[in-house]
1. Could you give the distance between the Cα centres of region 16-39 and region 239-253, to the whole Å?
2. Please compute the contact order of region 1-75 in relative form: average sequence separation of alpha-carbon pairs under 8 Å and at least six residues apart, divided by the residue count, as a percent.
3. Report the gain in length on full extension from residue 91 to residue 19: 0.36 nm times residue separation, minus Cα-Cα distance, nm rounded to one decimal.
4. Write down the accessible area per residue of region 109-240 in Å², having rolled a 1.4 Å probe over the full set of protein chains.
5. Measure nothing fancy, just the Cα-based angle from helix 27-39's long axis to the longest principal axis of the chain, in degrees from 0 to 90, nearest 10.
6. Show which lysines lie in cross-link reach of residue 149 when reach means a straight Cα distance below 27 angstrom and same-chain residues fewer than eight apart are skipped.
7. Would you mind calculating the relative contact order of the chain from Cα pairs under 8 angstrom and at least 6 residues apart, reporting the percent as a whole number?
8. Taking the Cα atoms only, what angle lies between the long axis of helix 213-222 and the longest principal axis of the chain, rounded to 10 degrees?
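The values are calculated or read from the model by the stated rules, or taken from the named source; none is laboratory data. Nothing here was measured: the structure is a model prediction, and the numbers come from that model. When the accessible area is computed, the model is the full protein with side chains, heavy atoms only, and any ligands, DNA or RNA have been set aside. Shrake-Rupley method; radii C 1.70, N 1.55, O 1.52, S 1.80 Å.
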Amino acid sequence: MVKYFFHIAYKGNRYHGWQRQPNVPNIQEVIETALAKILKTPVSIIGCGRTDAQVHATQFFFHLELDEDWDFDLLFRLNKLLPPDIAVFEIIPVKENQHARFDAMQRTYDYLIHTYKDPFLSEGSSLYMEKNLDFDKMKKAAEIFGQHKDFKAFCKSPAKYRHTICNISSSKLFINPSGDKIRFQISANRFLSSMVRTMVGTLLEIGRGEFTLEELEESFVSHELPEFITPAYPQGLYLSKVTYRYLDIPPRTDFSFLQNVEDDWVEM
C-alpha cells in the first residue's frame, strides 16, 4: 500500500463545493474521474475539509491510497487532464497513518471584498458597494472574534456538530491604501458551516453601523445573531492555508492577482 498527499488549488465558481454529490459539478468528482482515467482503476480520495459552492481554495490537500506505485509522471498527466480551474502543485509521499482531513491542525481562510464594480474582480472577490464603512469598528470586531471560542451563533447548522467550539489563533482585517478593497483573514483549528461568511456578514453590518460591538459581544452569550445578518457572498472566500504537524508548505498562489500592482494590504 502506498499513500500520497496531493497539494492543489482550485477556483470554485463553477462547482458546488469540494465534496462529491450527485447531479452537480464538484471538485472531488472531477479529480477522482481524472485519476481513474490515468491510473486505469477506480479511486477514492479524502480531502482536508469541505468548501461550499463557489468557494475557492488557494491551498488544499487530499490523500490517495493505492495498492502499488505508478511509473510515469502523474503530476504532468493529471494537470494536463484537469480543467484550468483546478491545479495540482505537488504529490507528496506520506506514511500510511497520516490523514489529510483528521491530521490538519490549523486552517486559514481569507475573504476578499471590493467596493467598486470591476469586471476583473467579480469571480474572485465579493462586490459590496459601500462608501462609508467604519474600518476601526470592523477591526475591533475582528479582534473580538479572536477572544471567543463558542461560535454557535455563526454556524448555519449547529445541531449537526458535537460542539461549536473553535480555537481561533488569528483574526485580522486588512485594507488596501485606497480603502476600496478589504481582506479578512482568520485561522483556527476548525470551522463550522458558513462560519467565516457569517462573520464577514457581521463585520459589514458593524461597518455600516447597523450592529454594534456591544451587540456582537452579546451574541456570543446568547448564541444568536439577528436575522438581518446573513452570510457574505461565497465567491469572496478562500481556504488559503492548511497546516499539519509534519507538513507546512507555503501556498503557491497568493492574492496579488486581485490587487493593483501598486497596492499593499495594510493591517488595520
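1. 22
2. Averaging sequence separation for qualifying contacts and normalising by length gives 46 percent for region 1-75.
3. 23.9 nm
4. 47
5. Value to nearest ten degrees: 10.
6. Residue 149 reaches 137, 139, 140, 160, 172, 241.
7. 24
8. Rounded to the nearest ten degrees, it is 60.
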